[in-house]
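Single-structure report; data block below.
The values are calculated or read from the model by the stated rules, or taken from the named source; none is laboratory data. Because the structure is predicted, anything quoted here is derived from the model rather than measured. A quick note on method: Cβ atoms are made from the backbone with ideal geometry, for glycine too, and the neighbour counts reach across all protein chains shown.
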Ligand code: ADP
Ligand code: MG
């Protein structure tokens, strides 16, 4: 079995009035089935409200299915006795780094997770060092987190998750609050975790440039998986992406417009270099 598997996963938020009577139901995830293999880099796209965060919270057992089943490394997320194993296997990074960093000093913050797991002190320090190095933040280990930029803080939160030695990291729009530089730093760190450390990455984002390196992309719409494929397959269908209210990278759009005007180009151009090559320049 893969690292994450979902079958017919449905989740409904139930709103209640003051008396506790059901006031309304939102089906946030609607019969989703997916398989993610260990070591893959997965990107999840979708406009606001399409169900991405709700799906992410199922993988970390913050929420449980209303219907269907989710397995993380073979463990059913509804199985209470596996709760901590599941949370340790699939770590979670959220949008706002300020809500995730609690330590006064970077290295102390990164050590909290393994400390709570009861890891011996010496090993905690080892893990803190490895994790900070993996995200390129080791030289800031003695800093106070509030002296860091957004991108640096977010890399510290990622190190904090990494120190728990997860097999999988789910990042829910980790770059949404960052400037372009911070976004690049974080994405570079995330790619490193995947390629060097072999950690499975599930990256939720609405920045199209960030999914170019993914092995597989899922596009969500109204709680369902509306598209699935490699980045190139996904970006080949510009019309569909626009229907789903997603931005297409500038260079992909330009290539698409050129194609429409009769220039012969392959589908799903993802980078400027590719376009230049394809044009024979
Ligand atoms: P996304 O992360 O793609 O923006 P969400 O998973 O946050 O989407 O939301 C999916 C749907 O569920 C939306 O319609 C949203 O309004 C609704 N929703 C999200 N969180 C809650 C909540 N705590 N209570 C009720 N409805 C919610
Ligand atoms: Mg969200």
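Report, by residue number, each residue of segment 206-245 that is surrounded by fewer than 20 Cβ atoms within 10 Å (Cβ to Cβ) and closer than 26 Å to residue 179 by Cβ.
Once the filter is applied, which keeps residues that are surrounded by fewer than 20 Cβ atoms within 10 Å (Cβ to Cβ) and closer than 26 Å to residue 179 by Cβ, segment 206-245 yields 206, 207, 209, 212, 213, 245.
Only one of (1) in contact (Cβ under 8 Å) with a residue 40 or more places away in the chain; (2) more than 16 Å from ligand 2 (Cβ to nearest atom); (3) closer than 29 Å to residue 29 by Cβ; (4) buried (at least 17 other Cβ atoms within 10 Å of the Cβ) is not met by residue 187, so which one is it?
Of (1) in contact (Cβ under 8 Å) with a residue 40 or more places away in the chain; (2) more than 16 Å from ligand 2 (Cβ to nearest atom); (3) closer than 29 Å to residue 29 by Cβ; (4) buried (at least 17 other Cβ atoms within 10 Å of the Cβ), only one is false for residue 187: (1).
Select from segment 12-66 the residues that are closer than 12 Å to residue 223 by Cβ, in contact with a helix residue (DSSP H, G or I) (Cβ under 7 Å, 6 or more places away or on another chain) and either more than 16 Å from ligand 2 (Cβ to nearest atom) or modelled with pLDDT under 95 (or both) and list them in ascending order.
Answer for segment 12-66, where residues must be closer than 12 Å to residue 223 by Cβ, in contact with a helix residue (DSSP H, G or I) (Cβ under 7 Å, 6 or more places away or on another chain) and either more than 16 Å from ligand 2 (Cβ to nearest atom) or modelled with pLDDT under 95 (or both): just 46.
Under 8 Å between Cβ atoms, at least 6 apart or on separate chains: pull out the pairs that start in segment 1-27 with a residue that is more than 18 Å from residue 57 (Cα to Cα) and touching a residue at least 24 places away in the same chain (Cβ under 8 Å) and end on any residue that is within 16 Å of ligand 2 (Cβ to nearest atom) and not in a strand (DSSP E or B).
Once the first residue is more than 18 Å from residue 57 (Cα to Cα) and touching a residue at least 24 places away in the same chain (Cβ under 8 Å) and sits in segment 1-27, no partner that is within 16 Å of ligand 2 (Cβ to nearest atom) and not in a strand (DSSP E or B) comes close enough.
In the list 255, 214, which residue meets the criterion of being part of a helix (DSSP H, G or I) and in contact with a helix residue (DSSP H, G or I) (Cβ under 8 Å, 6 or more places away or on another chain)?
So the residue among 255, 214 that is part of a helix (DSSP H, G or I) and in contact with a helix residue (DSSP H, G or I) (Cβ under 8 Å, 6 or more places away or on another chain) is 255.
Given the conditions (1) over 20 Å from the mean Cα position of the chain (by Cα); (2) at pLDDT below 95, which single one is not true for residue 138?
Of the numbered conditions (1) over 20 Å from the mean Cα position of the chain (by Cα); (2) at pLDDT below 95, the odd one out for residue 138 is (2).
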